[in-house]
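Notes to accompany the following structure.
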Amino acid sequence: MELHLKEVRTPRELRQFISFPYSLYHKNAFWVPPLRSDEFFSLSKDKNPAFDFCDANYWLALKDKKIVGRVAGIINKKYNEKYGVKIARFGWFDFIDNREVSSALLNTVETWARSNGMNCIHGPLGFTDMDGEGTLIEGFEEVSTLGAIYNYPYYPEHIEHAAYSKDIDWIEYQVTMHAEIPEKVQRLADIALQRNNLKILNVKKAKEMLPYANEIFYVLNDAYRDLYGFVELSDKQIQMYVKQYFGFIRPEFVPVVLDSAGKVAAFGIAMPSLSAALQKCNGRLFPFGFIRVLRAIKNNRNADLYLTAVRPDMQNKGVNAILIHEMNKVFIKNGVEKVETNRELEGNIKVQAQWKFYDSRLHKRRRCYKKELA
């Protein structure tokens, strides 16, 4: 029976779109299921504030009435205006190991992009930099993390067969924590604090961080504005992320550096790893998944780094060492032994240099592909 591409139009079809990778990867030991509720929120045009400046369509590939693939097409108008380009994105791209299926999905999203006046397409990318980015090209036998894309080894081959080429790579490290903070990290942090008249925000409860929440994201906007694919978050998006994530954080895992005026100069966001908990609950918090998540947050030998940002006027002043020092203290206190850095742009030498003080291994690489549209 021939392959059929169907545009997602109904809530039921959207649920099918979200559910497909849960069957594709159900026997895979390295895939970490995203929270289904988060996926539904991100992809719902009446919920995600990114749709204030994004257009998107989703398609399912069916063969013998069985879903065999999916893809999203996204046009981030804010990004295109910022850089003066006409480029579309593809994302949420999953498929069985069949070139007919992968080619049909990419052809469909390319045709949609052309019909909307785009002359280029890149991906996998989401609506914003907070979504998963990049096809995994190395590290297929490494456990994934919350919010990261995992894919089978055949994905890159299929994408390149469709005439896509590398645009940029991200790399990821696994860092082994020492029983003691490296002396040089300690010294650099002390010097940076004193020389720049900085201090660490001291709070015990997540709600005590709320007065700084918006400012944290404003620092993120300033620090990331020139990074690949980044578009500054709107106030509506910031409020969404504050509501979505600040209820889960453990304040000690979120060091915030303040300047002499009490303004946020830098921050880092880490969390105990939720990978094993999410694998066990298969992306559902209820009825019992939230118990596994809470246990993982309270007692875990693994942690993930999600974001670090330093205000532009405070960069190149050793402030990164302060963040690493504070996180290292928390990791030692909580018995954390392994830390996942998550994605870092391959050219970001300054960020990568900070891992030289630790035992680290580059264990994952992911790629954003690009194709000019005739």
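The values are calculated or read from the model by the stated rules, or taken from the named source; none is laboratory data. As the structure is a computational prediction, the values presented were derived from the model and not from experiment. Neighbour counts are summed over all protein chains in view; Cβ atoms, including those assigned to glycine, are modelled from backbone coordinates with ideal geometry. In case anyone asks, the SASA skips ligands and DNA or RNA and just uses the protein heavy atoms, side chains included. Shrake-Rupley method; radii C 1.70, N 1.55, O 1.52, S 1.80 Å.
Consider the range 151-195. How many of its residues are in a helix (DSSP H, G or I) and of a type outside the set (Ser, Thr, Tyr)? Step through it out loud before you land on a result.
Residues of the range 151-195 in a helix (DSSP H, G or I): 154-161, 183-195.
From the residues that got through so far, the ones that are of a type outside the set (Ser, Thr, Tyr) too are 156-161, 183-195.
The total comes to 19.
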Selection count, the range 69-84, where residues are without any contact (Cβ under 8 Å) to a residue 40 or more places away in the chain and not aliphatic (A, V, I, L, M)
5
Which ones in the range 264-273 are farther than 18 Å from residue 189 by Cα, open to solvent by 10 Å² or more (accessible area, probe 1.4 Å) and either in a strand (DSSP E or B) or touching a Phe, Trp or Tyr at 6+ places or on another chain (Cβ under 9 Å) (or both)?
271
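Mind listing just one residue for me: the one in the range 81-101 that is in a helix (DSSP H, G or I) and not charged (D, E, K, R) and, of those, most open to solvent (accessible area, probe 1.4 Å)? It would help to see each step written out before you state the result.
So in the range 81-101, the residues in a helix (DSSP H, G or I) come out as 81-83, 99-101.
Still in the running and not charged (D, E, K, R): 83, 101.
Numbers: 83: 90, 101: 0 Å².
Within the range 81-101, the match that is most open to solvent (accessible area, probe 1.4 Å) is 83.
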Of (1) surrounded by fewer than 17 Cβ atoms within 10 Å (Cβ to Cβ); (2) part of a helix (DSSP H, G or I); (3) touching a strand residue (DSSP E or B) at 6+ places or on another chain (Cβ under 7 Å), residue 222 fails just (3)
Does residue 137 satisfy the condition of being farther than 15 Å from residue 69 by Cβ, surrounded by 24 or more Cβ atoms within 10 Å (Cβ to Cβ) and among the β-branched types (Val, Ile, Thr)?
no
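Based on what the data block shows, is residue 136 part of a strand (DSSP E or B), under 28 Å from residue 35 (Cβ atoms) and either touching a Phe, Trp or Tyr at 6+ places or on another chain (Cβ under 8 Å) or touching a residue at least 24 places away in the same chain (Cβ under 8 Å) (or both)? Reasoning before the result, please.
Values: part of a strand (DSSP E or B): yes; under 28 Å from residue 35 (Cβ atoms): yes; either touching a Phe, Trp or Tyr at 6+ places or on another chain (Cβ under 8 Å) or touching a residue at least 24 places away in the same chain (Cβ under 8 Å) (or both): yes.
Answer is yes for this residue.
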Residue selected from the range 339-350 under the condition surrounded by fewer than 15 Cβ atoms within 10 Å (Cβ to Cβ) and outside any loop (DSSP other than H, G, I, E, B), by the criterion modelled with the highest pLDDT
349
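The rows are residues; the columns are (1) under 23 Å from residue 133 (Cβ atoms); (2) in a helix (DSSP H, G or I); (3) at pLDDT below 95; (4) not small (Gly, Ala, Ser).
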residue	(1), (2), (3), (4)
6	no, no, no, yes
13	no, yes, no, yes
23	no, yes, no, no
27	no, no, yes, yes
39	yes, yes, no, yes
51	yes, yes, no, yes
57	yes, no, no, yes
79	yes, yes, no, yes
103	yes, yes, no, no
If residue 254 passes every condition in (1) in contact with a Leu (Cβ under 8 Å, 6 or more places away or on another chain); (2) open to solvent by less than 20 Å² (accessible area, probe 1.4 Å) but one, which one does it miss?
(1)
Just the residues that are of a type in the set (A, V, I, L, M), open to solvent by less than 20 Å² (accessible area, probe 1.4 Å), within 17 Å of residue 11 (Cα to Cα) and out of contact with any Gly (no Cβ under 9 Å at 6 or more places or on another chain), please, taken from the range 21-78.
43
Determine if the range 105-122 includes at least one residue that is touching a strand residue (DSSP E or B) at 6+ places or on another chain (Cβ under 7 Å) and closer than 15 Å to residue 20 by Cβ.
yes
Selection within the range 90-115 - of a type in the set (S, T, N, Q) and farther than 15 Å from residue 71 by Cβ
115
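Just the residues that are among the hydrophobic types (A, V, I, L, M, F, W, C), outside any helix (DSSP H, G or I) and surrounded by 14 or more Cβ atoms within 10 Å (Cβ to Cβ), please, taken from the range 277-323. Steps first, answer last, please.
Initial filter on the range 277-323 (among the hydrophobic types (A, V, I, L, M, F, W, C)): 277-278, 281, 285-286, 288, 290-291, 293-294, 296-297, 303, 305, 307, 309-310, 314, 319, 321-323.
When the remaining residues are screened for being outside any helix (DSSP H, G or I), the result is 285-286, 288, 303, 305, 307, 309-310.
Scanning the range 277-323 gives 285, 303, 305, 307, 309, 310.
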